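In what follows, a structure is listed as structure tokens, so that the remarks can point back to it.
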Amino acid sequence: MALENTSDQWGGVSKTLHWLIVILIIVMGWLGLTMVDLPNSPHKIATYALHKSIGLTIFALVIARLAWRLYAGAPAEVAGTPRWQHTLATLMHWALYALLLVTPLSGWIVNSAAGFPLQWFGMINLPALVARDHDLHERMANVHQYLFWTMVVLAVLHAGAALYHHFIQRDATLARMLPRGWLRANDQGDT
Ligand code: HEM
Ligand code: HEM
């Protein structure tokens with residue numbers, strides 16, 4: 001699989017980062033929503049630590065992904081896509097990138113305002129972003145949760161659009177983000 005994007009396919013780097021981040025976000029949503037209701041115990045502390053470490057990993061992966069996106073660009077627009085759809089998709093993609101950055105950052109602020117130490121998988125100590133502050137902690141915990149649900153809504157719309165392209169418009173939008181051969185690209189002359 002070519003690592004770089006071509007004019008009609010996402011390359012291996014973009015595909016791997018896209019799907020790895022999707023899987024990690026699903027794991028994080030599940031961990032986050034279940035961990036807050038756990039009774040106080042070492043298990044709860046370990047689950048929070050895991051949530052934070054995976055969240056920091058996502059943050060780093062998204063920075064790498066954005067850097068790669070700026071370096072490698074994107075494949076050409078799928079032929080036949082109306083202008084308004086292209087504009088909406090571009091806005092959606094940048095909104096998702098923004099949420100992918102801001103959601104973990106807000107979690108980092110929640111943790112800092114709570115006054116808890118932060119480590120990445122017990123190996124690297126990270127600094128607090130703000131001083132301990134009870135009110136800020138409460139507010140940012142709400143913001144963190146709100147950002148997560150905004151990402152869920154946008155990601156569902158985004159996935160719906162990808163499925164619409166594949167099944168209704170029958171074009172290559174979804175196929176070119178999946179490993180080659182997983183789906184038949186409907187507009188590549190093989191229908
Ligand atoms: C993309 C990455 C992330 C996602 C999708 C995510 C998602 C979530 C979700 C769904 C919750 C549960 C919210 C609730 O029901 O109250 C939560 C809670 C929390 N997250 Fe994250 N999170 C991410 C990154 C991080 C990071 C990087 C940190 C810290 C460095 C962090 C720290 C926390 C903390 C401390 C809570 C508990 C908040 C509370 O006590 O109410 N999160 N997260
Ligand atoms: C947490 C969930 C998701 C997030 C945060 C996300 C994020 C993104 C972002 C930021 C891009 C833009 C790539 C760029 O132009 O640089 C993208 C592209 C894409 N995503 Fe997702 N995505 C998610 C889930 C999904 C799912 C579930 C599907 C399929 C059902 C999907 C299908 C696609 C496709 C086909 C593209 C390429 C669009 C094109 O070539 O114009 N994504 N995604």
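Annotation: of all residues in the stretch 32-81 being in contact with a helix residue (DSSP H, G or I) (Cβ under 6 Å, 6 or more places away or on another chain) and part of a loop (DSSP other than H, G, I, E, B), the one that is farthest from ligand 1 (Cβ to nearest atom) is Glu77.
One residue alone among Asp37, Asp8 is closer than 19 Å to His144 by Cα and more than 20 Å from the chain's Cα centre (by Cα), and that residue is Asp37. Quick one: is Trp94 in a loop (DSSP other than H, G, I, E, B) and away from ligand 1 (no atom under 16 Å from the Cβ)? Taking the combined requirement at face value, the residue does not satisfy it. Considering the stretch 94-122, the residues that are touching a residue at least 60 places away in the same chain (Cβ under 8 Å) and under 30 Å from Ala161 (Cα atoms) include one that is surrounded by the most Cβ atoms within 10 Å (Cβ to Cβ), namely Leu100.
For every residue, the table says whether it meets (1) buried (at least 17 other Cβ atoms within 10 Å of the Cβ); (2) more than 15 Å from ligand 2 (Cβ to nearest atom); (3) modelled with pLDDT under 95; (4) among the small types (Gly, Ala, Ser).
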| residue | (1), (2), (3), (4) |
| --- | --- |
| Leu3 | no, yes, yes, no |
| Trp19 | no, no, no, no |
| Thr34 | no, yes, no, no |
| Asn40 | no, yes, no, no |
| Glu77 | no, no, yes, no |
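Pairs meeting the criteria (first residue in the stretch 46-73 and farther than 11 Å from Leu31 by Cβ, second residue of a type outside the set (A, V, I, L, M), beta carbons under 6 Å, at least 6 apart or on different chains) are Leu56/Trp120; Ile58/Pro104; Phe59/Pro104; Ala72/Glu4; Ala72/Asn5. Can you name the condition, by its number, that Asn125 falls short on among (1) part of a helix (DSSP H, G or I); (2) at pLDDT 95 or above? Just one mismatch for Asn125, condition (1).
Scoring Ser112 on the criteria (1) more than 24 Å from Leu3 (Cβ to Cβ); (2) within 13 Å of ligand 2 (Cβ to nearest atom) leaves a single failure, condition (2).
Conditions tested, residue by residue: (1) of a type outside the set (Lys, Arg); (2) more than 10 Å from ligand 2 (Cβ to nearest atom); (3) surrounded by fewer than 17 Cβ atoms within 10 Å (Cβ to Cβ).
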residue: Val153; (1), (2), (3): yes, yes, yes
residue: Ala159; (1), (2), (3): yes, no, yes
residue: Arg170; (1), (2), (3): no, yes, yes
residue: Met177; (1), (2), (3): yes, no, no
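The values are calculated or read from the model by the stated rules, or taken from the named source; none is laboratory data. Given the structure is predicted, the values throughout are model-derived calculations rather than measurements. Every residue, glycine as well, gets a Cβ built from its backbone with ideal geometry; the counts of neighbours run over all protein chains shown.
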